[in-house]
Ligand SMILES: [Zn+2]
Ligand SMILES: [Zn+2]
C-alpha cells in the first residue's frame, strides 16, 4: 500500500513538515500576513482609501482634535481588521492620519502585543 509522502513547507529552506496549505506552523502565519497585505492592493481598497481621505478633507484626524492641521498621508483602520473583510472595507472604520500619528499608533499596537 503506497503511503502518501508528507509534504514539506513551501517556504524555501525551511524543511519542516507542512501542517496546512503547504506551510509549516511557523510560515503559515507569514502567509496570512501576506494575504492581509494583498488586500491593500485591491481597487476596492484604493477607492475606499480615497473616500476616507476626502471625507476627512485630507487632514489627520488626531492632529485636528489637538487643534492643528496636518496633511493626512495614511488611512488607518480604527478597529484592527486582522483579515476581516467587513472591517477592512468599512468606511466608518477608517480614519485619515499623518505619518507621525500613524506610526505612533502602530508602535503602541505592537507594544500591546508584546504585553500579551
Ligand atoms: Zn516553514
Ligand atoms: Zn497627525
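The values are calculated or read from the model by the stated rules, or taken from the named source; none is laboratory data. Values in this document were obtained by computation on a predicted structure and should not be read as measured data. Glycine also receives a Cβ, built like all others from the backbone with ideal geometry; neighbour counts cover every protein chain displayed.
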Check your understanding: If you go through the stretch 86-102 one residue at a time, how many are surrounded by fewer than 16 Cβ atoms within 10 Å (Cβ to Cβ) and touching a residue at least 40 places away in the same chain (Cβ under 8 Å)?
Key -> 1
Practice item. Please work out if residue 44 is exposed (fewer than 11 other Cβ atoms within 10 Å of the Cβ) and under 16 Å from residue 88 (Cβ atoms). Key: no
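In the set 25, 20, which member is without any contact (Cβ under 8 Å) to a residue 60 or more places away in the chain, loosely packed, with under 11 Cβ neighbours inside 10 Å and not assigned by TED's automatic domain parsing to the domain that holds residue 82?
Working: 25 fails: loosely packed, with under 11 Cβ neighbours inside 10 Å.
Testing whether each residue is without any contact (Cβ under 8 Å) to a residue 60 or more places away in the chain, loosely packed, with under 11 Cβ neighbours inside 10 Å and not assigned by TED's automatic domain parsing to the domain that holds residue 82 leaves just 20.
Just to be sure, is residue 38 surrounded by 14 or more Cβ atoms within 10 Å (Cβ to Cβ) and away from ligand 2 (no atom under 16 Å from the Cβ)? Working first, answer last.
Details: surrounded by 14 or more Cβ atoms within 10 Å (Cβ to Cβ): no; away from ligand 2 (no atom under 16 Å from the Cβ): yes.
Judged against the criteria, residue 38 is not a match.
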